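Colleague: Please see the structure below; I have some questions.
The values are calculated or read from the model by the stated rules, or taken from the named source; none is laboratory data. Here the structure is a predicted model, which means the values were calculated and not measured. Every residue, glycine as well, gets a Cβ built from its backbone with ideal geometry; the counts of neighbours run over all protein chains shown.
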Amino acid sequence: MADILLILHTETNGGFSKGALESITSAKQLAAELNADFDVAVLGLQAETAADKIATCGATRFMVVDDDAISAPRYATDVKALEALIKRAGSKLVLAQGTSRFTRAMPGAALRCDAALDSHIVALKVEDGTVKAQRWYYRQRILTTLSRSACPWILLVDGGVNPVWQGDAGDAAVERVAVDFADAAARTTIKGVQSPAVDAQTIRPDAPLLFVAGAGWTKKQADGAYHVGDAGELIQQFLSKANASLGSSKSLVDLQSEGHETLSFMSHMNQVGQTGSTPRHAKGLSTCCHGEEPHAVGWRFINERRAINLDANCGWAQGKADVVYVGDAFEIIKKVNALL
């Protein structure tokens with residue numbers, strides 16, 4: 001029995017996501033600090049084949065639940081699989097990638113295993129032999145450090161906070177864990193999967209660039225007229241050509257609820273900062289945002305921040321951006337699209 005258990009799930013293609021490989025790095029580093037062993041458990045489609053891809057990660061044991069019942073995310077079956085893996089491992093500490101699938105099912109598994117659970121973990125460290133976990137509170141403004149004496153302790157680790165594990169594939173000696181899904185699978189029937197077209201998907205967490213649009217796109221322009229339609233076309237062209245992710249300021253999202261004309265492809269899911277998300281991208285480009293405060297919080301984890309603004313002295317340009325392009329966003333994005 002290892003002190004640490006790392007639980008992963010496969011994607012629809014039978015492989016692992018970037019977040020899963022990052023969580024391997026987290027487990028290895030924690031095991032090294034504790035001078036302990038760690039096990040890996042994999043559930044989902046082609047779990048046994050996926051385990052071979054990470055056979056050299058240093059785990060002492062590989063457990064898999066490879067069943068048609070968990071080929072797609074479903075609370076009832078995922079909870080039973082997680083419960084079986086956690087109880088079989090008997091580890092004091094359980095790490096898992098903080099995906100929507102595990103965030104939904106892991107609380108139920110924790111209850112069945114009489115375990116403590118914390119989510120959105122961004123760092124793990126060991127002090128005097130005690131594991132300390134860190135996470136943000138209050139809209140990413142307060143970083144807290146916590147530890148628990150409860151056993152097992154389940155931690156859902158956020159993506160984008162650890163390096164991606166890199167290693168050779170091998171032949172993992174897997175231990176298949178049998179789970180009876182008969183009752184659970186009957187509760188919910190999966191009819192199929194509906195997903196938007198690739199060009200309609202504007203939220204791309206793994207994109208190298210985050211493009212944030214502000215309310216300035218919907219205001220009167222230099223000619224005294226509104227050009228919301230042109231703005232939408234320019235932004236969508238940029239997202240497609242640059243393969244970028246789309247973010248929004250709070251004021252732009254609020255315009256839609258107030259009945260004003262706005263970008264049809266924008267929703268509250270795109271909001272960055274304040275009550276929105278805190279994205280992690282290599283680069284960010286803020287346009288027509290006029291120094292709004294959300295980006296001071298929402299862009300904390302963007303490595304390189306750039307802005308387009310007519311006013312070089314605005315609040316966003318001063319102190320919050322690495323590079324400022326002083327000019328009209330319509331003209332600049334039009335030129336960039338032509339170059340791309």
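Colleague: Check off (1) surrounded by fewer than 21 Cβ atoms within 10 Å (Cβ to Cβ); (2) in contact with a strand residue (DSSP E or B) (Cβ under 9 Å, 6 or more places away or on another chain) for Asn35 and give me the number that stays unchecked.
Modeller: It is condition (2) that Asn35 fails.
Colleague: Would it be correct to say that His290 is closer than 24 Å to Tyr226 by Cα, surrounded by 16 or more Cβ atoms within 10 Å (Cβ to Cβ) and at pLDDT below 70?
Modeller: yes
Colleague: Being at pLDDT 80 or above, in the same structural domain as Ala76 (by TED's automatic domain parsing) and outside any loop (DSSP other than H, G, I, E, B) is the requirement here; does Asp230 meet it?
Modeller: So Asp230 does not fit the description; no.
Colleague: Restricting attention to region 250-270, and to residues there that are more than 18 Å from Glu233 (Cα to Cα) and not in a loop (DSSP other than H, G, I, E, B), which single residue is modelled with the lowest pLDDT?
Modeller: Ser257
Colleague: Name every residue in region 1-32 that is exposed (fewer than 15 other Cβ atoms within 10 Å of the Cβ) and of a type in the set (S, T, N, Q), in order of residue number.
Modeller: Passing the criteria: Thr12, Asn13.
Colleague: Which of the residues that make up region 38-65 are within 23 Å of Ala84 (Cα to Cα), surrounded by fewer than 20 Cβ atoms within 10 Å (Cβ to Cβ) and among the β-branched types (Val, Ile, Thr)?
Modeller: Of everything in region 38-65, those that are within 23 Å of Ala84 (Cα to Cα), surrounded by fewer than 20 Cβ atoms within 10 Å (Cβ to Cβ) and among the β-branched types (Val, Ile, Thr) turn out to be Thr49, Thr60.
Colleague: Also, I was wondering about something else. If we keep just the residues of region 271-287 that are surrounded by fewer than 24 Cβ atoms within 10 Å (Cβ to Cβ) and modelled with pLDDT under 85, which is nearest to Val161 (Cα to Cα)?
Modeller: Taking the candidates together, the pick is Arg280.
Colleague: Does any residue of region 97-111 turn out to be crowded, with 21+ Cβ neighbours inside 10 Å and more than 23 Å from the chain's Cα centre (by Cα)?
Modeller: Looking for residues that are crowded, with 21+ Cβ neighbours inside 10 Å and more than 23 Å from the chain's Cα centre (by Cα), one finds none in region 97-111, hence no.
Colleague: Based on this model, can you work out whether Lys87 counts as touching a Pro at 6+ places or on another chain (Cβ under 7 Å), closer than 24 Å to Thr60 by Cβ, surrounded by fewer than 20 Cβ atoms within 10 Å (Cβ to Cβ) and touching a residue at least 24 places away in the same chain (Cβ under 8 Å)?
Modeller: Spelling it out, it is not the case that Lys87 is touching a Pro at 6+ places or on another chain (Cβ under 7 Å), closer than 24 Å to Thr60 by Cβ, surrounded by fewer than 20 Cβ atoms within 10 Å (Cβ to Cβ) and touching a residue at least 24 places away in the same chain (Cβ under 8 Å).
Colleague: While we're on this one: Which one of these does His120 not meet: (1) at negative phi; (2) touching a Leu at 6+ places or on another chain (Cβ under 8 Å)?
Modeller: Failing condition for His120: (1).
Colleague: Shifting gears a bit: Hey, can you tell me all the residues within region 137-171 that are at pLDDT below 90, over 28 Å from Gly15 (Cβ atoms) and either in contact with a Phe, Trp or Tyr (Cβ under 6 Å, 6 or more places away or on another chain) or buried (at least 16 other Cβ atoms within 10 Å of the Cβ) (or both)?
Modeller: Correct list: Gln140 only.
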